Amino acid sequence: MTIEFLPMAALLREMRPELDAAYDRVATRGRLILGPEVEAFEAEFAAYCGARHCVGVGNGLDALAIALRAQGVGPGDEVIVPGHTFIASWLAVAEVGALPVGVDVEPASFNLDPAGIAAAITPRTAAIMPVHLYGNPAPMEAINAIAARHGLFVLEDAAQAHGARYRGRRAGSLGHAAGFSFYPTKNLGALGDGGAIVTDDAGLAARARRYRNYGSSGKYEHEIVGANSRLDELQAAFLRARLVRLDDDNARRRAIATSYRDHMQGIDALQLPKAEPATEHVYHLFVVRTPRREALAAGLEARGIGTMVHYPRPPHRQRAFADRTPRVSLPVTEALAGEVLSLPMWPGLTDGQIERVASAVREVLASH
Ligand SMILES: Cc1ncc(COP(=O)(O)O)c(C=O)c1O
(Lines give C-alpha, C1' and ligand atoms only; values in the text may rest on other atoms or scores of the structure.)
Protein backbone atom coordinates (compact mmCIF):
# COMPACT_ATOMS: atom_id res chain seq x y z
CA MET A 1 0.00 0.00 0.00
CA THR A 2 1.33 3.40 -0.94
CA ILE A 3 1.27 6.38 1.40
CA GLU A 4 0.47 9.44 -0.68
CA PHE A 5 2.06 12.76 0.19
CA LEU A 6 -1.46 14.20 0.59
CA PRO A 7 -4.56 12.16 -0.40
CA MET A 8 -6.84 15.09 -1.30
CA ALA A 9 -9.71 12.98 -2.68
CA ALA A 10 -9.86 10.92 0.53
CA LEU A 11 -9.82 14.07 2.68
CA LEU A 12 -12.76 15.50 0.73
CA ARG A 13 -14.66 12.18 0.84
CA GLU A 14 -14.42 12.15 4.60
CA MET A 15 -15.93 15.69 4.80
CA ARG A 16 -18.56 15.13 2.13
CA PRO A 17 -21.70 15.61 4.27
CA GLU A 18 -20.57 19.02 5.59
CA LEU A 19 -19.33 20.15 2.16
CA ASP A 20 -22.58 19.03 0.52
CA ALA A 21 -24.57 20.96 3.13
CA ALA A 22 -22.47 24.08 2.46
CA TYR A 23 -23.02 23.78 -1.29
CA ASP A 24 -26.71 23.22 -0.79
CA ARG A 25 -27.05 26.35 1.34
CA VAL A 26 -25.37 28.55 -1.28
CA ALA A 27 -27.08 27.01 -4.31
CA THR A 28 -30.50 27.25 -2.65
CA ARG A 29 -29.96 30.89 -1.73
CA GLY A 30 -28.59 31.82 -5.16
CA ARG A 31 -26.29 34.56 -3.87
CA LEU A 32 -22.81 33.74 -5.20
CA ILE A 33 -20.58 36.81 -4.71
CA LEU A 34 -20.10 38.93 -1.53
CA GLY A 35 -23.07 37.65 0.41
CA PRO A 36 -23.84 36.20 3.85
CA GLU A 37 -21.35 33.30 3.70
CA VAL A 38 -18.37 35.62 3.11
CA GLU A 39 -19.62 37.99 5.78
CA ALA A 40 -20.08 35.15 8.29
CA PHE A 41 -16.73 33.56 7.47
CA GLU A 42 -14.95 36.90 7.84
CA ALA A 43 -16.46 37.38 11.31
CA GLU A 44 -15.73 33.78 12.36
CA PHE A 45 -12.16 33.76 11.09
CA ALA A 46 -11.32 37.17 12.62
CA ALA A 47 -12.63 35.92 15.98
CA TYR A 48 -10.70 32.66 15.58
CA CYS A 49 -7.45 34.58 14.99
CA GLY A 50 -8.14 36.97 17.85
CA ALA A 51 -8.28 39.99 15.51
CA ARG A 52 -10.96 42.60 14.79
CA HIS A 53 -11.24 42.43 11.01
CA CYS A 54 -11.00 39.88 8.21
CA VAL A 55 -11.32 40.67 4.50
CA GLY A 56 -11.80 37.66 2.20
CA VAL A 57 -9.91 37.87 -1.11
CA GLY A 58 -9.16 35.71 -4.14
CA ASN A 59 -5.97 33.98 -2.91
CA GLY A 60 -3.04 34.27 -0.51
CA LEU A 61 -0.79 36.19 -2.88
CA ASP A 62 -3.49 38.85 -3.30
CA ALA A 63 -4.01 38.95 0.47
CA LEU A 64 -0.35 39.90 0.99
CA ALA A 65 -0.20 42.34 -1.93
CA ILE A 66 -3.49 44.06 -1.03
CA ALA A 67 -2.39 44.41 2.61
CA LEU A 68 0.87 46.06 1.50
CA ARG A 69 -1.03 48.34 -0.89
CA ALA A 70 -3.58 49.25 1.77
CA GLN A 71 -0.68 50.28 4.01
CA GLY A 72 0.69 52.49 1.23
CA VAL A 73 3.78 50.37 0.49
CA GLY A 74 4.82 50.88 -3.14
CA PRO A 75 7.55 52.01 -5.57
CA GLY A 76 10.71 53.21 -3.84
CA ASP A 77 10.02 51.12 -0.73
CA GLU A 78 11.91 48.05 0.44
CA VAL A 79 10.29 45.12 2.23
CA ILE A 80 12.32 42.60 4.21
CA VAL A 81 11.38 39.00 3.40
CA PRO A 82 12.94 35.66 4.36
CA GLY A 83 15.04 33.91 1.73
CA HIS A 84 13.60 30.49 2.52
CA THR A 85 9.91 30.78 1.61
CA PHE A 86 7.45 30.14 -1.19
CA ILE A 87 7.99 32.70 -3.95
CA ALA A 88 4.55 34.29 -3.33
CA SER A 89 5.97 36.18 -0.31
CA TRP A 90 8.40 37.94 -2.67
CA LEU A 91 5.88 38.28 -5.52
CA ALA A 92 3.49 40.22 -3.27
CA VAL A 93 6.19 42.82 -2.67
CA ALA A 94 7.04 43.04 -6.38
CA GLU A 95 3.34 43.25 -7.22
CA VAL A 96 3.01 46.63 -5.44
CA GLY A 97 6.20 47.93 -7.08
CA ALA A 98 8.38 47.66 -3.96
CA LEU A 99 11.70 45.83 -3.65
CA PRO A 100 11.90 42.49 -1.82
CA VAL A 101 15.07 42.42 0.31
CA GLY A 102 15.95 38.84 1.18
CA VAL A 103 17.27 38.04 4.65
CA ASP A 104 18.59 34.65 5.72
CA VAL A 105 16.77 32.26 8.05
CA GLU A 106 17.74 30.58 11.33
CA PRO A 107 19.21 27.11 10.78
CA ALA A 108 17.12 25.55 13.60
CA SER A 109 13.66 26.97 12.84
CA PHE A 110 14.08 27.88 9.13
CA ASN A 111 12.31 31.18 10.00
CA LEU A 112 13.46 34.78 9.50
CA ASP A 113 16.62 35.52 11.52
CA PRO A 114 16.16 38.75 13.55
CA ALA A 115 19.94 39.37 13.49
CA GLY A 116 19.80 39.58 9.68
CA ILE A 117 16.86 41.97 9.70
CA ALA A 118 18.66 44.69 11.63
CA ALA A 119 21.54 44.56 9.14
CA ALA A 120 19.20 44.82 6.12
CA ILE A 121 17.32 47.95 7.21
CA THR A 122 17.92 51.06 5.08
CA PRO A 123 16.17 54.45 4.94
CA ARG A 124 13.86 52.93 2.28
CA THR A 125 12.70 50.00 4.39
CA ALA A 126 8.93 50.25 4.85
CA ALA A 127 7.93 46.82 6.11
CA ILE A 128 9.01 43.41 7.39
CA MET A 129 7.18 40.30 6.20
CA PRO A 130 7.90 37.35 8.52
CA VAL A 131 6.65 34.02 7.18
CA HIS A 132 5.40 31.42 9.68
CA LEU A 133 7.02 28.74 7.60
CA TYR A 134 5.56 25.22 7.53
CA GLY A 135 3.14 26.29 10.30
CA ASN A 136 5.83 27.40 12.77
CA PRO A 137 5.48 30.99 14.05
CA ALA A 138 8.42 33.30 13.30
CA PRO A 139 10.25 34.91 16.28
CA MET A 140 7.73 37.75 16.50
CA GLU A 141 8.91 39.33 19.74
CA ALA A 142 12.31 40.19 18.28
CA ILE A 143 10.81 41.12 14.89
CA ASN A 144 8.20 43.44 16.40
CA ALA A 145 10.84 45.08 18.60
CA ILE A 146 13.01 45.88 15.56
CA ALA A 147 9.95 47.12 13.66
CA ALA A 148 8.89 49.37 16.53
CA ARG A 149 12.40 50.82 16.78
CA HIS A 150 12.40 51.76 13.08
CA GLY A 151 8.69 52.52 12.62
CA LEU A 152 8.11 49.63 10.18
CA PHE A 153 4.90 47.86 9.16
CA VAL A 154 4.83 44.15 10.06
CA LEU A 155 2.84 41.93 7.70
CA GLU A 156 2.66 38.26 8.72
CA ASP A 157 2.68 35.80 5.84
CA ALA A 158 0.42 33.34 7.65
CA ALA A 159 -0.40 31.31 4.52
CA GLN A 160 0.84 28.10 6.20
CA ALA A 161 -0.06 28.84 9.81
CA HIS A 162 -3.84 28.84 10.41
CA GLY A 163 -4.30 28.38 14.16
CA ALA A 164 -0.60 28.44 15.08
CA ARG A 165 0.19 30.23 18.34
CA TYR A 166 3.13 32.33 19.53
CA ARG A 167 3.21 33.04 23.28
CA GLY A 168 -0.48 32.16 23.43
CA ARG A 169 -1.61 34.40 20.55
CA ARG A 170 -2.67 33.16 17.16
CA ALA A 171 -1.04 33.81 13.81
CA GLY A 172 -3.00 36.70 12.32
CA SER A 173 -2.79 38.73 15.53
CA LEU A 174 1.00 38.91 15.85
CA GLY A 175 1.85 41.88 13.60
CA HIS A 176 -0.04 44.87 12.12
CA ALA A 177 -1.79 42.67 9.55
CA ALA A 178 -1.59 39.15 8.14
CA GLY A 179 -2.20 37.46 4.82
CA PHE A 180 -3.70 33.94 4.77
CA SER A 181 -4.04 31.50 1.88
CA PHE A 182 -6.88 28.98 1.65
CA TYR A 183 -5.25 27.04 -1.18
CA PRO A 184 -6.78 23.54 -0.96
CA THR A 185 -3.78 21.82 0.66
CA LYS A 186 -3.51 24.34 3.51
CA ASN A 187 -4.52 23.47 7.11
CA LEU A 188 -7.63 25.54 6.40
CA GLY A 189 -8.17 24.96 2.69
CA ALA A 190 -11.00 25.77 0.29
CA LEU A 191 -12.03 23.70 -2.72
CA GLY A 192 -10.23 26.15 -4.97
CA ASP A 193 -8.34 29.41 -4.46
CA GLY A 194 -9.07 31.77 -1.58
CA GLY A 195 -7.32 34.09 0.84
CA ALA A 196 -7.87 36.68 3.57
CA ILE A 197 -6.33 39.71 5.23
CA VAL A 198 -6.66 39.77 9.02
CA THR A 199 -5.93 42.90 11.06
CA ASP A 200 -6.95 45.02 14.04
CA ASP A 201 -6.53 48.15 11.91
CA ALA A 202 -9.99 49.34 10.82
CA GLY A 203 -8.62 51.76 8.22
CA LEU A 204 -6.40 49.15 6.59
CA ALA A 205 -9.31 46.67 6.51
CA ALA A 206 -11.61 49.26 4.92
CA ARG A 207 -9.03 50.12 2.22
CA ALA A 208 -8.46 46.42 1.49
CA ARG A 209 -12.22 45.81 1.31
CA ARG A 210 -12.61 48.64 -1.20
CA TYR A 211 -9.59 47.57 -3.28
CA ARG A 212 -10.76 43.94 -3.63
CA ASN A 213 -14.08 45.08 -5.13
CA TYR A 214 -13.14 47.39 -8.04
CA GLY A 215 -12.11 50.17 -5.66
CA SER A 216 -15.72 50.63 -4.71
CA SER A 217 -17.46 51.14 -1.39
CA GLY A 218 -20.94 51.42 -2.92
CA LYS A 219 -22.37 50.08 -6.16
CA TYR A 220 -21.03 52.00 -9.20
CA GLU A 221 -19.14 54.44 -6.98
CA HIS A 222 -15.37 53.98 -7.45
CA GLU A 223 -13.09 56.02 -5.22
CA ILE A 224 -9.81 54.37 -6.21
CA VAL A 225 -8.47 52.18 -9.02
CA GLY A 226 -9.08 48.75 -7.52
CA ALA A 227 -9.13 45.14 -8.64
CA ASN A 228 -11.42 42.15 -8.54
CA SER A 229 -10.15 39.76 -5.87
CA ARG A 230 -12.99 38.39 -3.78
CA LEU A 231 -13.50 35.24 -1.81
CA ASP A 232 -16.47 33.41 -3.41
CA GLU A 233 -19.61 32.64 -1.42
CA LEU A 234 -19.19 28.94 -2.17
CA GLN A 235 -15.57 28.86 -0.97
CA ALA A 236 -16.54 30.83 2.14
CA ALA A 237 -19.26 28.24 2.88
CA PHE A 238 -16.75 25.37 2.51
CA LEU A 239 -14.25 27.23 4.70
CA ARG A 240 -16.84 27.70 7.45
CA ALA A 241 -17.36 23.92 7.48
CA ARG A 242 -13.62 23.30 7.68
CA LEU A 243 -12.96 26.02 10.29
CA VAL A 244 -15.12 24.11 12.79
CA ARG A 245 -12.61 21.23 12.56
CA LEU A 246 -9.41 23.24 12.42
CA ASP A 247 -8.40 22.95 16.09
CA ASP A 248 -8.97 19.18 16.10
CA ASP A 249 -7.09 18.82 12.82
CA ASN A 250 -4.17 20.88 14.13
CA ALA A 251 -4.08 18.89 17.39
CA ARG A 252 -3.84 15.69 15.35
CA ARG A 253 -1.06 17.18 13.17
CA ARG A 254 0.85 18.04 16.35
CA ALA A 255 0.38 14.52 17.70
CA ILE A 256 1.62 13.07 14.41
CA ALA A 257 4.70 15.33 14.60
CA THR A 258 5.44 14.13 18.14
CA SER A 259 5.09 10.54 17.02
CA TYR A 260 7.31 11.11 13.94
CA ARG A 261 9.93 12.67 16.22
CA ASP A 262 9.80 9.76 18.68
CA HIS A 263 10.18 7.21 15.89
CA MET A 264 12.99 9.07 14.10
CA GLN A 265 15.09 10.13 17.10
CA GLY A 266 18.82 9.60 16.70
CA ILE A 267 18.95 8.81 12.97
CA ASP A 268 22.35 9.77 11.63
CA ALA A 269 22.42 12.88 9.37
CA LEU A 270 18.74 13.67 9.93
CA GLN A 271 17.55 16.98 11.43
CA LEU A 272 13.96 16.90 12.72
CA PRO A 273 11.74 19.96 13.24
CA LYS A 274 12.13 21.26 16.81
CA ALA A 275 9.21 21.83 19.16
CA GLU A 276 9.78 25.30 20.68
CA PRO A 277 8.19 25.96 24.10
CA ALA A 278 6.94 29.49 23.19
CA THR A 279 5.22 28.41 19.99
CA GLU A 280 2.45 26.09 18.89
CA HIS A 281 3.55 24.80 15.51
CA VAL A 282 0.62 23.50 13.41
CA TYR A 283 2.71 21.39 11.03
CA HIS A 284 1.26 22.43 7.70
CA LEU A 285 4.33 20.49 6.58
CA PHE A 286 6.64 18.11 8.44
CA VAL A 287 10.04 18.96 7.00
CA VAL A 288 13.24 17.06 7.76
CA ARG A 289 16.73 18.08 6.70
CA THR A 290 19.48 15.79 5.46
CA PRO A 291 22.51 16.15 3.21
CA ARG A 292 21.35 12.85 1.63
CA ARG A 293 18.03 14.35 0.50
CA GLU A 294 17.97 12.90 -3.03
CA ALA A 295 18.76 9.38 -1.80
CA LEU A 296 16.12 9.65 0.92
CA ALA A 297 13.43 10.88 -1.50
CA ALA A 298 14.26 8.11 -4.00
CA GLY A 299 14.35 5.44 -1.27
CA LEU A 300 10.96 6.51 0.08
CA GLU A 301 9.48 6.63 -3.41
CA ALA A 302 10.73 3.07 -4.04
CA ARG A 303 8.84 2.07 -0.87
CA GLY A 304 5.63 3.74 -2.06
CA ILE A 305 5.91 6.83 0.15
CA GLY A 306 5.28 10.26 -1.37
CA THR A 307 7.46 13.25 -0.49
CA MET A 308 7.90 16.81 -1.76
CA VAL A 309 10.55 19.53 -1.56
CA HIS A 310 9.55 22.92 -0.12
CA TYR A 311 11.44 24.65 -1.74
CA PRO A 312 14.17 23.52 -4.15
CA ARG A 313 15.19 26.99 -5.43
CA PRO A 314 14.88 30.16 -3.35
CA PRO A 315 13.27 33.30 -4.84
CA HIS A 316 16.58 35.21 -5.06
CA ARG A 317 17.92 32.42 -7.30
CA GLN A 318 14.87 32.41 -9.60
CA ARG A 319 15.07 33.98 -13.06
CA ALA A 320 12.03 36.10 -12.16
CA PHE A 321 14.11 38.03 -9.64
CA ALA A 322 17.46 37.97 -11.43
CA ASP A 323 17.35 41.67 -12.34
CA ARG A 324 14.93 42.95 -9.75
CA THR A 325 16.55 42.54 -6.37
CA PRO A 326 19.96 43.31 -4.93
CA ARG A 327 22.41 40.43 -5.45
CA VAL A 328 22.35 38.68 -2.12
CA SER A 329 24.03 35.66 -0.66
CA LEU A 330 21.86 33.74 1.80
CA PRO A 331 23.95 30.72 2.83
CA VAL A 332 21.45 29.01 5.18
CA THR A 333 18.62 29.42 2.66
CA GLU A 334 20.80 28.10 -0.15
CA ALA A 335 21.86 25.05 1.89
CA LEU A 336 18.27 24.30 2.89
CA ALA A 337 17.14 24.28 -0.75
CA GLY A 338 19.34 21.23 -1.30
CA GLU A 339 18.55 19.42 1.95
CA VAL A 340 14.89 19.79 3.00
CA LEU A 341 12.33 17.07 2.44
CA SER A 342 8.62 17.13 3.37
CA LEU A 343 7.17 13.85 4.64
CA PRO A 344 3.47 12.88 4.46
CA MET A 345 1.43 15.00 6.92
CA TRP A 346 -2.34 15.20 7.14
CA PRO A 347 -4.75 14.72 10.06
CA GLY A 348 -5.96 11.28 8.92
CA LEU A 349 -2.48 9.72 8.83
CA THR A 350 -2.71 6.53 10.94
CA ASP A 351 -0.26 5.35 13.60
CA GLY A 352 0.64 2.43 11.33
CA GLN A 353 1.42 4.80 8.45
CA ILE A 354 3.54 7.03 10.70
CA GLU A 355 5.57 4.00 11.80
CA ARG A 356 6.00 2.85 8.20
CA VAL A 357 7.27 6.25 7.06
CA ALA A 358 9.63 6.53 10.05
CA SER A 359 11.09 3.07 9.66
CA ALA A 360 11.52 3.61 5.91
CA VAL A 361 13.44 6.85 6.64
CA ARG A 362 15.65 4.96 9.13
CA GLU A 363 16.23 2.10 6.69
CA VAL A 364 17.08 4.33 3.69
CA LEU A 365 19.48 6.56 5.61
CA ALA A 366 21.18 3.56 7.26
CA SER A 367 21.89 2.07 3.83
CA HIS A 368 23.70 5.17 2.52
C1 LIG B 1 4.28 31.03 2.46
C2 LIG B 1 3.22 31.29 1.41
N3 LIG B 1 2.92 32.55 1.09
C4 LIG B 1 1.97 32.84 0.19
C5 LIG B 1 1.28 31.84 -0.47
C6 LIG B 1 0.31 32.23 -1.54
O7 LIG B 1 -0.96 31.72 -1.38
P8 LIG B 1 -1.88 31.38 -2.64
O9 LIG B 1 -1.38 30.13 -3.24
O10 LIG B 1 -3.23 31.24 -2.07
O11 LIG B 1 -1.78 32.55 -3.58
C12 LIG B 1 1.54 30.50 -0.14
C13 LIG B 1 0.82 29.36 -0.70
O14 LIG B 1 0.66 28.97 -1.73
C15 LIG B 1 2.56 30.22 0.80
O16 LIG B 1 2.87 28.96 1.12
Filtering region 327-368 for residues that are under 27 Å from residue 247 (Cα atoms) and acidic (Asp, Glu) leaves a count of 2
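Please determine whether any residue of region 44-56 is more than 16 Å from the ligand (Cβ to nearest atom), outside any strand (DSSP E or B), surrounded by 14 or more Cβ atoms within 10 Å (Cβ to Cβ) and of a type in the set (D, E, K, R).
Among the residues of region 44-56, at least one is more than 16 Å from the ligand (Cβ to nearest atom), outside any strand (DSSP E or B), surrounded by 14 or more Cβ atoms within 10 Å (Cβ to Cβ) and of a type in the set (D, E, K, R), which makes the answer yes.
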Within region 91-98, is even one residue modelled with pLDDT of 95 or more, within 14 Å of the chain's Cα centre (by Cα) and open to solvent by less than 10 Å² (accessible area, probe 1.4 Å)? yes
If you take the residues of region 69-90 that are more than 10 Å from residue 126 (Cβ to Cβ) and away from the ligand (no atom under 16 Å from the Cβ), which of them is surrounded by the fewest Cβ atoms within 10 Å (Cβ to Cβ)? 75
What's the total number of residues in region 313-359 that are among the small types (Gly, Ala, Ser) and buried (at least 20 other Cβ atoms within 10 Å of the Cβ)? 1
For a quick check of your reading of the model, give me the residue pairs whose first member lies in region 292-317 and is more than 22 Å from residue 360 (Cα to Cα), whose second is part of a helix (DSSP H, G or I) and modelled with pLDDT of 95 or more, with beta-carbon atoms closer than 7 Å and at least 6 apart or on different chains. 311/337; 312/337; 313/337; 314/333; 314/334; 314/337; 315/90
Could you check, for region 214-224, whether at least one of its residues is closer than 30 Å to residue 123 by Cβ and either modelled with pLDDT under 95 or among the charged types (D, E, K, R) (or both)? yes
Given the structure, is residue 68 at pLDDT 95 or above, in a helix (DSSP H, G or I) and over 22 Å from residue 184 (Cα atoms)? yes
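Given the criterion among the small types (Gly, Ala, Ser) and under 30 Å from residue 253 (Cα atoms), identify the matching residue among 189, 215.
Exactly one of 189, 215 is among the small types (Gly, Ala, Ser) and under 30 Å from residue 253 (Cα atoms), namely 189.
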Based on what the data block shows, is residue 158 in contact with an Asp or Glu (Cβ under 6 Å, 6 or more places away or on another chain) and crowded, with 24+ Cβ neighbours inside 10 Å? no
Go through (1) away from the ligand (no atom under 13 Å from the Cβ); (2) free of Cβ contacts under 8 Å to residues at least 40 places away in the same chain for residue 120 and report which single condition fails. (2)
Hand me the list of helices (runs of 4 or more DSSP H) wholly inside region 271-368 holding 2 or more residues that are over 17 Å from residue 133 (Cα atoms) and of a type in the set (Val, Ile, Thr). 351-366
Looking only at region 246-270, count every residue that is outside any loop (DSSP other than H, G, I, E, B) and surrounded by 15 or more Cβ atoms within 10 Å (Cβ to Cβ) and tell me the total. 14
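The values are calculated or read from the model by the stated rules, or taken from the named source; none is laboratory data. Values in this document were obtained by computation on a predicted structure and should not be read as measured data. Virtual Cβ from ideal backbone geometry, glycine too; neighbours counted across all protein chains shown. With ligands, DNA and RNA removed, areas are computed over all heavy atoms of the protein, side chains included. Shrake-Rupley method; radii C 1.70, N 1.55, O 1.52, S 1.80 Å.
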